[in-house]
Amino acid sequence: GSAGSQSMRKFSCVNLRTRQLNIKNFVKYEKHHIPISAIVFITRDGIKICVSADQKWVQAAMKRIKEKVTAK
């Protein structure tokens, strides 16, 4: 195999938002660890927003998204 066969992530977080956002628009999230540790919220429109995982509102939003997904 060649070095080019490894898949590279197209999206990565380089800076994080710290202000609380409206979580109603978020449909899912991903955990990223490279190049920085972050949570990436994805909106209905496909917009990706990087936030710091250690904020209380981020933890609450992740929990809420999980509950919505398991309720379906």
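What length, rounded to one decimal in nm, is gained on full extension from ARG64 through to LEU16, with 0.36 nm per residue of separation minus their alpha-carbon distance?
15.2 nm
Can you tally the net charge around VAL51? Count Lys and Arg as +1, Asp and Glu as -1, for every other residue whose Cβ sits under 12 Å from the Cβ of VAL51.
On the way: positive: ARG17, ARG19, LYS31, LYS48, LYS56; negative: GLU30, ASP54.
Net charge around VAL51: +3.
Quantify, in whole percent, the carbon and sulfur part of the accessible surface of region 23-71 (1.4 Å probe; protein heavy atoms only). List each step's numbers first, then the result.
Values: 1720 of 3120 Å².
Roughly 55 percent of what the probe reaches on region 23-71 is carbon or sulfur.
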Backbone HN-Hα couplings from phi across region 41-49 [Karplus 6.51/-1.76/1.60, Hz, Gly and Pro as x]
8, 10, 8, 4, 7, x, 7, 9, 10
Collect residues whose amide H, placed 1.01 Å from N in the peptide plane, falls under 5 Å from the amide H of VAL27; neighbours closer than 5 in sequence don't count.
ILE42, THR43, ARG44
Karplus 3J(HN,Hα) series, Hz, for region 51-59 with 6.51 cos²θ - 1.76 cosθ + 1.60 (x for Gly, Pro):
9, 6, 6, 8, 8, 4, 5, 5, 4
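The values are calculated or read from the model by the stated rules, or taken from the named source; none is laboratory data. Owing to the predicted nature of the structure, the values given are computational and were not obtained by experimental measurement. Cβ sites come from the backbone with ideal geometry, for glycine too, and all protein chains shown count toward neighbours. Remember, those area values only see protein heavy atoms, side chains included, never the ligands or the DNA or RNA. Shrake-Rupley method; radii C 1.70, N 1.55, O 1.52, S 1.80 Å.
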